Amino acid sequence: MKNYISILFLLLSFSGISQQKSIDQKVNELLAKMTLDEKIGQLNQYTGDNTLTGPLTINPNKEEEIKAGKIGSMLNILGSEYTRKYQELAMQSRLKIPLLFGLDVIHGYKTTFPIPLAEAASWDLAAIELSARVSARESAASGIHWTFAPMVDISRDPRWGRVMEGAGEDTYLGSKIAYARVKGFQGNKLGDLTSVMACAKHFLAYGAAIGGRDYNSVDMSERMLWETYLPPFKAAIDAGAATFMNSFNDLNGVPATGNKHIQRDILKGKWNFSGFVVSDWGSIGEMVNHGFSKDKKEAAYSAITAGSDMDMESNSYLYNLSQLVKEGRVSEALIDDAVKRILHKKFELGLFDDPYRYCDAKRQQKELNNPENTKAAREVAAKSIVLLKNDKKVLPLSKDTKTIAFIGPMVKPKRANHGFWAVDLKDVDSTYIVSQWEGLQNKVGKNTKLLYAKGCGISDMSKAGFDEAITVANQADVVILSVGEAPNMSGEAKSRSSINLPGVQEDLIKELQKTGKPIVILINSGRPLVFNWTADNMPTIVYTWWLGSEAGNAIADVLFGDYNPSGKLPMTFPRTEGQIPLYYNHTSTGRPAKNEDDKIYVSAYIDLQNSPKFPFGYGLSYTTFGYSDLKLSKQVIRKNETLQLSLTVTNTGKVAGEEVVQLYIKDRFASIVRPVKELKDFQKIKLEAGESKTVTFTIDNDKLSFYHENLDFASEAGEFDVMIGSSSEDIRLKSEFELTEKTPAAN
Ligand code: GLC
């Protein structure tokens with residue numbers, strides 16, 4: 001029997017290796033047939049004309065170039081019919097190498113989910129993975145092989161428009177979310193028809209642009225890179241990310257696209273990344289603008305030697321690599337490495353077996369009208385909503401409320417709820433998107449009268465609509481006021497120097513407050529905004545971000561208590577732009593302020609409190625939670641030991657709810673000053689009214705380690721504080737422990 005099993009094991013394992021070898025073998029066999037020009041063609045990517053997501057490279061010959069094998073991938077070509085048309089052109093090329101179709105499926109294809117920053121506020125990794133899963137299913141059913149997501153850039157600057165696209169300021173939360181999103185997009189196996197290749201972007205440190213101004217320079221220490229900006233990319237690789245995209249910014253003086261250190265030393269060296277790297281839109285050619293490359297030929301040289309495998313929309317490779325090889329400046333082996341990485345993915349996707357396998361109109365029709373997708377979008381959206389204030393318990397609203405006035409510029413628009421980076425489906429109208437108005441209509445009974453007034457625009461200064469809004473408010477028992485920034489005020493190239501509520505919206509709030517009616521403020525935004533008067537004077541505030549195609553229903557679910565809000569802020573909300581960068585895991589300084597009003601010879605502004613308006617990890621519920629019984633398995637641990645923590649969380653309110661229990665750690669003294677606290681774990685738990693649960697965490701050496709130049713990551717002996725919080729500022733339980741010896745942590 002044993003022999004039989006061992007023979008079977010050998011056969012199985014051989015078939016596994018032979019299957020892997022067969023892709024490598026197929027790649028090598030195909031490569032051997034390719035001319036240098038055909039190889040370079042595989043490294044060239046152009047956009048289609050569906051949606052422009054960057055400055056267009058004018059090229060009227062794309063279709064001819066595809067037939068000539070000069071283009072290996074297209075982006076912004078979508079739909080089974082349209083992608084089939086372009087794939088047919090590729091099948092006319094000499095070697096019939098199929099095209100890869102890429103698209104920015106950032107938070108949904110047709111069914112649109114909350115913007116990623118909103119999803120991060122859910123702290124619900126299963127929900128975040130589900131969102132990516134549905135997005136993958138819908139796009140893979142529509143001819144797409146590859147999404148340019150997840151964007152995993154950490155950012156501490158809400159002026160930067162692209163904070164909407166990421167997971168906020170924290171490396172631990174951002175790494176967990178990066179992992180979940182890659183798993184969601186790629187599913188169990190690339191090549192099954194419900195998955196698309198993921199693309200971890202933007203490598204590297206794009207979110208640290210000086211001044212929060214998009215595309216601006218980044219300058220930071222190697223330590224900061226390793227401790228704050230690299231871990232989410234490593235998490236993406238651990239999740240199996242098929243591709244990376246490099247970033248527009250120069251990093252410590254070298255544009256990321258031409259940066260050997262991050263691409264060769266780290267990504268393809270230390271991390272042994274086997275996928276391929278696509279440049280961001282035109283970023284190879286833009287190294288000329290950076291003043292790094294004299295011309296596009298030098299840019300092509302720097303990019304290919306630094307490890308950028310595919311050239312998006314700059315045709316620097318197409319027009320220069322052949323010459324560089326002929327001049328002996330670029331070895332053909334370097335080209336071969338890039339080509340093999342790309343061909344390998346095309347084989348994994350099954351495109352050589354059937355180039356049209358993702359172009360199936362019937363499957364597309366079915367997937368894009370799948371009620372399960374809509375249900376998922378509504379659930380994820382509700383989980384992403386953050387309750388900032390509910391001082392007078394106006395929420396949840398009663399479904400028997402007689403008259404409700406729904407006022408504001410965000411009430412009736414539909415597509416606005418998608419926010420930035422929604423897929424522009426030309427052939428689909430927006431009727432399927434549930435506006436905030438429609439969500440309220442769907443929720444209330446026939447005995448509730450709904451009144452509407454726009455009140456004002458988003459950024460225009462006209463107050464002409466105020467009177468109507470006040471009239472309508474005076475007729476109502478409750479007012480809901482939906483305000484915010486416009487959906488195109490965040491996203492790419494959408495940095496704002498002032499992150500206030502634009503226009504006269506806060507004036508409208510002030511006027512409506514005078515009616516004395518209970519008012520629920522909804523704030524729609526792609527970033528943390530500054531709205532101090534509203535935050536100080538209005539008792540009921542809900543942060544609704546941009547929630548996607550089920551926005552209206554999700555908002556109504558929360559406002560009427562059918563879903564008890566559970567979101568927690570993934571970014572610090574500053575009191576003013578002058579505080580930026582402001583983040584919770586800052587270091588102490590030698591003169592830390594003792595409280596928010598301490599100004600005497602301490603690190604503080606003389607004209608402002610020291611604290612944020614709303615802290616990282618903050619969010620309320622319709623119930624309350626008690627924390628007790630924090631226990632540590634040990635008070636002293638060795639480096640190779642783990643520490644178990646347990647505590648009890650109790651729902652001390654009257655309705656069921658979810659709480660995000662946050663574990664923060666502070667290393668009191670170390671050879672490199674450590675943050676005042678760092679998120680090291682969290683658990684989102686659901687509790688019925690009165691229910692208690694024991695929550696446990698494990699602290700291991702990795703959670704105590706930090707970057708050391710010669711040791712990579714290692715922890716240091718010493719004393720540590722443990723903090724359990726309902727937010728980074730609302731610490732409910734504390735304890736401490738000691739670490740007693742030094743050994744390098746496995747990295
Ligand atoms: C854009 C973005 C990038 C996107 C790409 C393709 O400029 O920076 O995130 O994936 O171009 O649209």
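The values are calculated or read from the model by the stated rules, or taken from the named source; none is laboratory data. Everything quoted here is computed from the prediction, not taken from an experiment. Note: ideal-geometry Cβ built from the backbone for every residue, glycine included; neighbour counts use all protein chains shown. Protein only, heavy atoms only, side chains kept; ligands, DNA and RNA dropped before computing areas. Shrake-Rupley method; radii C 1.70, N 1.55, O 1.52, S 1.80 Å.
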Members of segment 437-474 that are among the hydroxyl-bearing types (S, T, Y) and part of a strand (DSSP E or B)
Y452
By residue number, the members of segment 97-110 that are away from the ligand (no atom under 16 Å from the Cβ) and open to solvent by 10 Å² or more (accessible area, probe 1.4 Å) are I97, K110
Could you please give the count of residues in segment 287-300 that are more than 16 Å from the ligand (Cβ to nearest atom) and more than 20 Å from L334 (Cα to Cα)?
5
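One line per residue, one yes/no per condition, for (1) within 16 Å of the ligand (Cβ to nearest atom); (2) assigned to a loop (DSSP other than H, G, I, E, B):
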site: I58; (1), (2): no, yes
site: M74; (1), (2): yes, no
site: Y82; (1), (2): no, no
site: Q92; (1), (2): no, yes
site: L95; (1), (2): no, yes
site: S122; (1), (2): no, yes
site: V134; (1), (2): no, no
Go through (1) under 23 Å from K62 (Cα atoms); (2) buried (at least 23 other Cβ atoms within 10 Å of the Cβ) one by one and return the number of the condition F352 breaks.
(2)
Counting residues that are not hydrophobic (A, V, I, L, M, F, W, C), which strands (runs of 3 or more DSSP E) fully inside segment 649-721 reach at least 3?
657-667, 678-687, 692-699
Would you please list the contacts, defined by Cβ atoms under 7 Å and residues six or more apart or on different chains, that run from a residue in segment 427-454 that is within 20 Å of T544 (Cα to Cα) to a residue that is surrounded by fewer than 17 Cβ atoms within 10 Å (Cβ to Cβ) and of a type in the set (G, A, S)?
none
Selection from segment 375-392 of residues open to solvent by 30 Å² or more (accessible area, probe 1.4 Å), part of a helix (DSSP H, G or I) and either hydroxyl-bearing (S, T, Y) or under 25 Å from I523 (Cβ atoms) (or both) yields R378, E379, K383
How many of the residues in segment 661-681 are open to solvent by less than 20 Å² (accessible area, probe 1.4 Å) and within 13 Å of Y172 (Cβ to Cβ)?
6
Of the residues in segment 23-54, those that are more than 16 Å from the ligand (Cβ to nearest atom) and either among the charged types (D, E, K, R) or not in a helix (DSSP H, G or I) (or both) come to D24, K26, E29, K33, M34, T35, D37, E38, K39, L43
Within segment 111-120, how many residues are part of a helix (DSSP H, G or I) and within 16 Å of the ligand (Cβ to nearest atom)?
2
In segment 303-343, what count of residues is obtained for those that are more than 16 Å from the ligand (Cβ to nearest atom), assigned to a helix (DSSP H, G or I) and not aliphatic (A, V, I, L, M)?
12
Collect the residues in segment 137-156 that are part of a helix (DSSP H, G or I), away from the ligand (no atom under 16 Å from the Cβ) and closer than 20 Å to V278 by Cβ, keeping them in residue-number order.
A140
Can you pull out every residue in segment 360-374 that is aliphatic (A, V, I, L, M) and surrounded by 18 or more Cβ atoms within 10 Å (Cβ to Cβ)?
L368
(1) open to solvent by less than 70 Å² (accessible area, probe 1.4 Å); (2) within 24 Å of the chain's Cα centre (by Cα): which one isn't true of I404, the others all being true?
(2)
Can you name the residue in segment 274-286 that is open to solvent by less than 10 Å² (accessible area, probe 1.4 Å) and closer than 18 Å to L349 by Cα and, of all such residues, is nearest to the ligand (Cβ to nearest atom)?
V278
Report the residue count in segment 231-262 for those that are open to solvent by less than 20 Å² (accessible area, probe 1.4 Å), more than 16 Å from the ligand (Cβ to nearest atom) and closer than 25 Å to A300 by Cα.
3
I'm trying to understand the selection: among the residues of segment 248-266, which are closer than 17 Å to D311 by Cβ and under 23 Å from the mean Cα position of the chain (by Cα)?
F248, P255, A256, T257, Q263
Scan of segment 449-484 for residues that are among the β-branched types (V, I, T), out of contact with any Ser or Thr (no Cβ under 7 Å at 6 or more places or on another chain) and crowded, with 16+ Cβ neighbours inside 10 Å, ordered by number
I458, V472, V479, I480, V483
Determine whether Y432 is among the aromatic types (F, W, Y) and within 27 Å of the chain's Cα centre (by Cα).
yes
Within segment 610-625, residues of a type in the set (G, A, S) and open to solvent by less than 20 Å² (accessible area, probe 1.4 Å) come out as G617, G619
